[in-house]
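The next block holds one structure in the form of structure tokens; read it before the comments.
The values are calculated or read from the model by the stated rules, or taken from the named source; none is laboratory data. Note that the coordinates shown come from a computational prediction; the quantities given were computed from them, not determined experimentally. When we count neighbours, we look across all protein chains shown, and the Cβ atoms used for this are built from the backbone with ideal geometry, even at glycine.
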Amino acid sequence: MNWKTTFRKLTRIPLGFYTVLQQTLRKPVTVQYPEQTRPMVPRFRGRHHLKRYDNGLERCIGCALCAAACPADAIYVEAGENTNDARFSPGERYSQTYEINMLRCIFCGYCEDACPTNAIVLEPIEFPTGYSREAMIYTKSMLLESPPINVPATPQVTEPGKFDRSIVPFPPIDQQA
Ligand code: SF4
Ligand code: SF4
């Protein structure tokens, strides 16, 4: 080893220390997610909600069109039968099981577009987080919104013939009072 190689190697050591010191003093660019979050852009729609009508009945009729439209195969729907003594939604069927795997969801909004009753809606809240795969499967009880104040939840006892049709005329959600 000649003196030039030795000199080059010796200068590398202080240079390495300098680089480490420089990086140590820099402000971190990482965010301690999920404890810390960055504000999302206002247009972000990241959390699904299952909506109700004003009378407390669920809009979801268990048709699974959202599941068929989902490109990520993230939605699982199992329908149950409504009766007048235990009615969850207008029409024959309701969603007995409704799950969304948020690890698969790509937030495309196709489920919203496919829904014939405006039941599934994405809303702007913080990005969903969880520490396990199971925690990232959102169940119906997590997705279904509460009934309006002083309105009974589902199942309801309803008058025969009053809610025979699954699709009832309704104003779009953003035009409701
Ligand atoms: S937003 Fe898109 S990917 Fe997510 S559940 Fe709906 S259809 Fe599937
Ligand atoms: S959310 Fe809409 S499309 Fe999906 S099962 Fe319910 S009614 Fe059908």
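What the table below lists for this structure:
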| quantity | calculated |
| --- | --- |
| Within region 27-76, considering residues that are among the acidic types (D, E) and surrounded by fewer than 16 Cβ atoms within 10 Å (Cβ to Cβ), the one modelled with the highest pLDDT | D73 |
| Residues that are among the hydrophobic types (A, V, I, L, M, F, W, C) and within 9 Å of ligand 2 (Cβ to nearest atom), drawn from region 71-97 | I75, V77, A79 |
| Considering residues of region 88-144 that are away from ligand 1 (no atom under 11 Å from the Cβ) and of a type in the set (V, I, T) only, the residue surrounded by the most Cβ atoms within 10 Å (Cβ to Cβ) | T117 |
| Spans of strands (runs of 3 or more DSSP E) in region 36-110 with at least 3 residues in contact (Cβ under 8 Å) with a residue 40 or more places away in the chain | 47-50, 93-101 |
| Hey, I149 of a type in the set (V, I, T) and either in contact with a Gly (Cβ under 7 Å, 6 or more places away or on another chain) or within 16 Å of ligand 1 (Cβ to nearest atom) (or both) or not | no |
| Hey, T117 touching a Lys or Arg at 6+ places or on another chain (Cβ under 8 Å), of a type in the set (V, I, T), in a loop (DSSP other than H, G, I, E, B) and free of Cβ contacts under 8 Å to residues at least 60 places away in the same chain or not | yes |
| Residue ID - modelled with the highest pLDDT, chosen from residues in region 84-114 that are touching a Ser or Thr at 6+ places or on another chain (Cβ under 9 Å) and among the small types (G, A, S) | S95 |
